[in-house]
Amino acid sequence: MTTVSLRFDDEMKKQLDEMCNEMGMNLTTFFMIYAKKALRDRRIPFEVTAPLEPFYSDSNIEQLQKANKQVKNGQVVIKTMEELEAMECE
């Protein structure tokens, strides 16, 4: 047998302990189940993904489309840099 040490945030460990206790197991059993499932399936037993670049998020694309529609409908006020700077001094 080999011993494996893991570092956890205190609150995360507390929550994981509580969840495991509610299921009638301890952390060792929890990780053994996880490891056996990963080895049996030859993959991580849940999907791991990286977040999309924020620029291409659904909410940002929606905002860009809304802004584009406003420009096409003439609902956008266009100012030059000089006009904006003059407004700042007012």
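For this structure, a couple of remarks:
- Using alpha-carbon coordinates, inclination of helix 27-41 to the longest axis of the chain, degrees: 80 degrees
- Region 43-90, accessible area per residue, ligands and nucleic acids excluded (1.4 Å, Å²): 100 Å²
- Global geometry of region 10-62, whether rounded, prolate or oblate, following the gyration tensor of its Cα atoms and the 1.5 cut on a/c: oblate
- Scattering curve values for the chain, log₁₀ I(q)/I(0), Debye with Cα scatterers, q = 0.14, 0.17, 0.20 Å⁻¹: -0.77, -0.98, -1.12
- Within straight-line cross-link reach of residue 69, lysines at Cα separation under 24 Å, skipping those fewer than 8 residues along the same chain: 79
- Potential extension, residue 58-residue 32 segment - 0.36 nm per residue separation minus Cα distance: 5.6 nm
- Surface composition of region 9-78: carbon plus sulfur atoms hold 56% of the accessible area, using a 1.4 angstrom probe and ignoring ligands, DNA and RNA.
The values are calculated or read from the model by the stated rules, or taken from the named source; none is laboratory data. Bear in mind the structure is a predicted one, so any value in this text is a computation, not a measurement. Ligands, DNA and RNA are excluded from the accessible area calculation, which covers all protein heavy atoms including side chains. Shrake-Rupley method; radii C 1.70, N 1.55, O 1.52, S 1.80 Å.
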